[in-house]
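Written below as structure tokens is the structure these notes are about.
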Amino acid sequence: MRNIYRHLKNRRISNVHFKRYFLIYLGLIIYLLFFISVTWTGWFDIFFSGAALHAGAKGIDFYQLPRGAWAFWHGGSLTGDPLADGSQYAKQAYANGNVYHPLFTLTLGSLLALFDPALSPYILLSSKLLLSLVVIAYFFWRFRASRYIGFAVFILLANFSVYLELAAWQFHFFFNMLLFLLLIGLVEKRAALRNGSLYALGMLVKPVGLLFVPMLLFKGRRRTALLGIGLFALATALFLIGGVGRYYVENLMANVSSSGVAGPNQIISLAALLHFTTQWPDFVYQTIEYSALLFIILLSALRKTHITTALFLHIAFFLCFYNMVFEYHWSSLAYVLAVGVVASPEFQTRFSRFCILLTCLPSCFILLNYILMSKLWGPSG
């Protein structure tokens, strides 16, 4: 009888465990399938256009970093232009000129440049797998008491925009990880030194964090904001000596001052959709954009607005109005929403969770691609 009782008790515990963590196990399976698809089978590529996957130009963004670092260490420019003798890292592969921050280029780019150009993308991919699992495990451990932790982890693991980021060999992953850790630190009210450092590192990958300054100030994170901006400015200024990092500042200023008319077929933003479906005067688009930003800043200033909500709104603004938002940029939503689900009641309602679940699907981008391409090419396209 005692053995039967133990067996039934263990079985009951196993059932409770499986029920509680079912979504996490399912998410892990999907996430591992993502990596198998990227490296081998291409199962999930059917959900995205060839342009989104960089078909025929694989590495067009990836080789920016190792090419820039390699050229710099061989007496060339951080933009990755060929040397005087024509030599270049991954010469056989086409790549855009490097636009990443000099410090980010020299750290990660130098490491990748140590490997054969055909191997380095898979070195990065394996690093992404290991690092993401470690960070997600950390997130799970910090919020394991939340009843929504399973759903939150599932959102991180089963998001198809995350898959596209992997499949397109992008570096946006590092911005996402740092944004994720920063938001965890802000929710837990960690030390300003830690949060400010994460904030600065995130801006070295993608300067999207410049949008967060008003929100951080309103939410009482002044030291985090000042430290992050200060470190980012210092790192940038140091590379302006001798003009080494001039390319970065020029590209940053060009994007900030851009008119926002870039569009199909891979610019997936509200601004692009408006520009290519309407013929309004430019001031109308600018009024919409600035009004949205002002509204978000004012809403973030309210004491009752949770910091996860405020950061979510700023990321949403970036995705809707930044001039160069590609499909993989939408992967950032997963990391902000996951923290929101475990930290703020606003993300925990049934309707909120239903909408959050929809962000995991690629369906909306299939529809947007159809609308934009129909507008671009017309009925005979």
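State whether the stretch 117-163 is rounded, prolate or oblate according to the following rule on the C-alpha gyration tensor (a ≥ b ≥ c being the square roots of its eigenvalues): a/c under 1.5 gives rounded; otherwise a/b larger than b/c gives prolate, and the remaining case gives oblate. Judged from the Cα gyration tensor, the stretch 117-163 comes out oblate (a/c at least 1.5, b/c at or above a/b). DSSP loop (so not H, G, I, E, B), at most 13 other Cβ within 10 Å: list which chymotrypsin sites (Phe, Trp or Tyr not before Pro) in the stretch 59-157 pass both filters. Here the sparse-neighbourhood loop sites are Y94. Test of understanding: extend the Cα→C-beta vector of Y122 to 7 Å, then name every residue of the stretch 23-39 with backbone N under 16 Å from that spot. Within reach of a label on Y122, which here means backbone N under 16 Å from a point 7 Å along Cα→Cβ, the stretch 23-39 contributes 35-39.
What is the distance in Å between the Cα centroid of the stretch 223-239 and that of the stretch 267-302? The two parts, judged by their Cα centres, are 28 Å apart. The stretch between D85 and R144, if pulled fully straight at 0.36 nm per residue, gains 15.6 nm over its current Cα-Cα span. Remark: the chain carries a charge dipole of roughly 2360 debye about the Cα centre, counting +1 on each Lys and Arg Cβ and -1 on each Asp and Glu Cβ. Once you list every other residue whose beta carbon is under 11 Å from the beta carbon of F212, what net charge do they have if Lys and Arg are +1 and Asp and Glu are -1? Local net charge: +2. Legend: translational diffusion of the stretch 104-219 by Stokes-Einstein, Rh = Kirkwood radius over C-alpha pairs, 25 °C, 0.890 mPa s; D = 156 µm²/s.
Against the longest principal axis of the chain, how steep is helix 64-73, in degrees 0 to 90 to the nearest 10, with axes from Cα atoms? Roughly 60 degrees, rounded to the nearest 10. The three principal axes of the C-alpha atoms in the stretch 41-197 carry coordinate ranges of 60, 42, 21 Å, sorted with the longest axis first.
Rounded to the nearest whole Hz, the Karplus-based 3J(HN,Hα) values (6.51 cos²θ - 1.76 cosθ + 1.60, θ = phi - 60°) of the stretch 35-41 follow the sequence 5, 5, 5, 5, 8, 9, 8, with x at glycine and proline.
In order along the stretch 179-194, phi translates into HN-Hα couplings of 4, 4, 5, 4, 5, 4, x, 5, 5, 7, 6, 6, 4, 4, 4, 5 Hz, rounded to whole numbers, per the Karplus curve 6.51 cos²θ - 1.76 cosθ + 1.60 with θ = phi - 60° and x for Gly and Pro.
In the stretch 2-377, a dipole from Cβ-located charges (positive for Lys and Arg, negative for Asp and Glu) runs towards its positive end, and of S257, L33, A192 it is A192 whose Cα lies farthest in that direction.
When a/c reaches 1.5 or more, the comparison of a/b and b/c decides; with that in mind, is the stretch 200-306 rounded, prolate or oblate per its Cα gyration tensor? Judged from the Cα gyration tensor, the stretch 200-306 comes out oblate (a/c at least 1.5, b/c at or above a/b).
Measuring between alpha carbons in the structure, the pairs from K58/K128; K128/K189; K128/K219; K206/K304; K58/K91 lying more than 21 angstrom apart are K128/K189; K128/K219; K206/K304. How far is it, in nm, from the label point at Y290 to the one at A316 when both lie 7 Å from their Cα along the line to the Cβ? Reported label-point gap for Y290 and A316 is 2.3 nm.
FYI, it's all coordinate maths here, none of it is from the lab. Just so it is clear, the structure is predicted and the values come from calculations on it, not from any experiment. As a convention, Cβ positions derive from the backbone with ideal geometry for all residues, glycine included, and neighbour counts pool all protein chains shown.
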